[in-house]
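Reading through the structure tokens given below for one structure.
Laboratory data are not the source of any read-out in this text; all were calculated from the coordinates shown. Just so it is clear, the structure is predicted and the values come from calculations on it, not from any experiment. Quick reminder, even Gly has a Cβ in these numbers, built from the backbone with ideal geometry, and neighbours come from all protein chains shown.
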Amino acid sequence: MAEYSAPLRDMKFVIKELAGLSEISTLPGCGEATPDLVDAVLEEAGKFAAGALSPLNKSGDEQGCKLDDGVVTTAAGFKEAYREFIKAGWTSLGGSLQWGGQGLPHIVSGLVSEMWNGANMSFCLCPMLTTGVVNALVRHGSQQQQDTYLHKLIGGEWTGTMNLTEPQAGSDLSAVRTRAVPEGDHYRLFGTKIFITWGEHDMVENIIHLVLARTPDAPEGVKGISLFIVPKYLVAKDGSLGARNDVKCISIEDKLGIHASPTCVIAYGEKDGAIGYLVGEENRGLEYMFTMMNFARLEVGIEGVAIAERAYQRALGYAKERVQGRPVGVRSGERVTIIHHPDVRRMLMTMKAQTEAMRALAATACAALDHAHHHPDRTQRLQWQSVFDLLTPVVKGWCTEQCSEIASLGVQVHGGMGFVEETGAAQHLRDARITSIYEGTTGIQANDLMGRKVAAEKGATAKAVIAQMREFNRQLGASEHPALASIHRSLSAGIDALAEATEWLLATYPSNPAAAGAGAVPYLKLWGTVAGGWQMARAAAIAKQRLDEDAEDFDFYRAKIGTARFFAEHILPHAAAYKAAIVTGSHSTLALEVDQL
Ligand SMILES: Cc1cc2nc3c(=O)[nH]c(=O)nc-3n(C[C@H](O)[C@H](O)[C@H](O)COP(=O)(O)OP(=O)(O)OC[C@H]3O[C@@H](n4cnc5c(N)ncnc54)[C@H](O)[C@@H]3O)c2cc1C
């Protein structure tokens, strides 16, 4: 049954025609990203994803990882694939040139990352977290820390982890208890972290943990949390590896999905204390960690796109092979493959349209990040940063929630064969499920969107983005093309719903935050639906223009218009229901007493 094949045609369209590669490549530091180079990178990455990573997806799921006296052994083939991965330079794609990276913009590295995740999400989590550590150290590390760790991390010789969670501190990190006791030029850490992804493994010689902990006199709550670098092996001044640090993996989780990614309980300081080095200043750790978390949130949103794409490919392949029944209304004659049944087509179109919308929205966020980092004008940089900040919880929350639904539809397309492991459809559903939990659950993303991103700035960026949608849609309204006219009508209604819900939220949040909180997840989904619909409408308008110009690839552009129309007619109308759930339904969410639930 169909194995992973990178959706290169759509990715090239999204990067070059939708998200504005030509503009991004004129930004200082992004000149390398020429269309030819981007094509070459995407094609090579597609080959690696399909040839080296995808074949390990099912076997990795079946074998999982093993722990023996603190040593984690990864599934067969992972170590070798990782070696090939770093040899080909894939870990350094988006890394800074100064530290041996290739400096390609996020719009490219983000979509390449979709390929790694589509091929093998368990594997990809390891380099993804390493890149997060790199970003945090580039931004907040001292010169000495950067010199010590960045080359090795960017080159993939060492990997990185993110250590936030403790049994009593999950969504609420103010409860972190791990202690960091100062000792000369370093600290000694004592505590236990749980759920640490790739916290211990056999693919590299050293692992660099970024750990949240409290110093002895730190204030209570999030204002008393500091960030520490804790290497598995201490690193000497000349870069060579020294003594083993007091860090140990004491168990790994037996879990629903991503079996090949070790999820570790890590004990710091079982003996004399794990040696750790403070990043930046004491008590500013959470602020620094957010550099890593914001990147990771975008990446987890991209995981959602990736699993959705893979589930779609598998379902499509099955639907083209499985023979069952006759065409609707026909009682005799040849039986047909299930793709001929209208309801199977509905499921496949839902999967395809949502996945393309999610990819387009994630790419829009990546492009905003590139402008925020590289635009020569400071005011522009700040504006793009606000757009990225607004879109991050939407991409994370919406793409991951949709990904579970899409993977579930993938199971449905397979019928009974979807429920058994043999076809692989079930693995996508199991793997998908974590994406809306880690890096902050959907509830936490929604609170972030509502509180920090919309209410805190009195809706300034949200309203500016909504105004952009309206302006685009006004222009789209001039088209008499039946598909574009239909998309225009649906998008108008969607934008109105989003604007009304935003006004309601701004009016309600200050006086009744609980009612606003009850509407937070529907508000996040409303944003995803309308912003995804906006990007699909833009895609349709571009496709129509290409068809008018007699461009090559007629089939691709016609399919894009058809898919965008499906999104507008089937998915955008959910915007009205989300708005109703927010504006009229928030009170009923809280109507029952706790003991009536
Ligand atoms: C496979 C896996 C890998 C992970 N990898 C890492 C890692 O590498 N590093 C790391 O530090 N952590 C990691 N985690 C931890 C993960 O980030 C947390 O599980 C997640 O943040 C949720 O925390 P929790 O499990 O304590 O759930 P809780 O915080 O107890 O949440 C339970 C429920 O309550 C809701 N809730 C809680 N607070 C609020 C609120 N204020 N408003 C609205 N709803 C709320 C949540 O949305 C959720 O539905 C991983 C977890 C798993 C399962």
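Here are some notes:
- Gyration tensor over the Cα atoms of the range 479-530: the corresponding equivalent ellipsoid has semi-axes (square roots of 5 times the eigenvalues, largest first) of 30, 10, 5 Å.
- Hydrodynamic analysis of the range 135-187 uses the Kirkwood radius over alpha carbon pairs. Inserted into Stokes-Einstein at 4 °C and 1.567 mPa s, it gives a translational diffusion coefficient of 96 µm²/s.
- Under 5 Å between amide hydrogens, built in the peptide plane, is the criterion, and for N206 it picks out T159 among residues at least 5 positions away or on other chains.
- Restricting the range 150-182 to trypsin sites (Lys or Arg not before Pro) that sit in a DSSP loop and have at most 16 other Cβ atoms within 10 Å of their own Cβ leaves R177.
- Considered as an equivalent ellipsoid built on the Cα gyration tensor, the range 94-162 has semi-axes of 21, 13, 9 Å, the largest given first.
- Under a model in which nothing but the beta-carbon of Lys, Arg (+1) and Asp, Glu (-1) is charged, the chain shows a dipole of about 1020 debye around its Cα centre.
- In the range 1-46, trypsin sites (Lys or Arg not before Pro) in a DSSP loop with at most 11 other beta-carbon atoms within 10 Å: none
- Each Lys and Arg Cβ is given +1 and each Asp and Glu Cβ -1; about its Cα centre, the range 237-283 then shows a dipole of about 200 debye.
- Size estimate for the chain follows the Kirkwood approach: the inverse of mean 1/r over distinct Cα pairs works out to 24.9 Å.
- Separation of alpha-carbon centers, the range 429-454 and the range 17-38, rounded to whole Å: 30
- Mean-position separation - Cα centroids, the range 298-333 and the range 364-386, in angstrom: 37
- Dividing the mean sequence gap of close Cα pairs (under 8 Å, 6+ apart) by how many residues the range 455-507 holds gives a relative contact order of 48 percent.
- Beta bridges by DSSP in the chain, antiparallel share as percent, to the nearest 5: 80
- Scalar couplings 3J(HN,Hα) for the range 73-81, obtained by applying the Karplus form with A = 6.51, B = -1.76, C = 1.60 to θ = phi - 60°, are 9, 7, 5, 4, x, 5, 4, 5, 5 Hz; x denotes Gly and Pro.
- Cα shape, the range 277-317, gyration tensor, a/c 1.5 rule: prolate
- Span from the the range 207-267 Cα centroid across to the the range 129-169 one, whole angstrom: 11
- Inter-site label distance for L97 and A40 at 7 Å from Cα along Cβ, in nm: 1.6
- Relative contact order of the chain: 13 percent, from C-alpha pairs under 8 Å at least 6 residues apart in sequence.
- Size estimate for the range 212-262 follows the Kirkwood approach: the inverse of mean 1/r over distinct Cα pairs works out to 14.5 Å.
- Per principal axis, descending, Cα span of the range 32-118 in whole Å: 47, 27, 18
- Debye-sum result for the range 282-437 in log10 I(q)/I(0), which assumes one identical scatterer on each alpha carbon, at q = 0.09, 0.12 Å⁻¹: -0.40, -0.61
- Tilt relative to the chain, helix 460-476 - C-alpha long axis, 0 to 90 degrees, to 10: 30
- Kirkwood Rh in Å, taken over all unlike Cα pairs in the range 192-339: 19.5
- Sites S142 and H481, calculated FRET efficiency, Cβ-Cβ separation with R0 56 Å, nearest 0.05: 0.45
- Gyration tensor verdict on the range 32-190 (Cα atoms; rounded if a/c is under 1.5, prolate if a/b is larger than b/c, oblate otherwise): oblate
- Expected-Rg normalisation [2.2 N^0.38 Å, Cα atoms] applied to the range 503-597: 1.54
- Base-10 log of normalised Debye intensity for the range 167-258 (one unit scatterer per alpha-carbon) at q = 0.18, 0.19, 0.20 Å⁻¹: -0.93, -1.02, -1.09
- Cross-link reach list, lysines versus K463, counting only Cα pairs under 21 Å and skipping chain neighbours closer than eight places: K396, K453, K525, K579
- Cα gyration tensor shape of the range 340-401, rounded if a/c is under 1.5, else prolate or oblate by comparing a/b with b/c: prolate
- Cross-link pairs beyond the 22 Å C-alpha cut-off, checked among K87/K352; K152/K255; K79/K232: K87/K352; K152/K255
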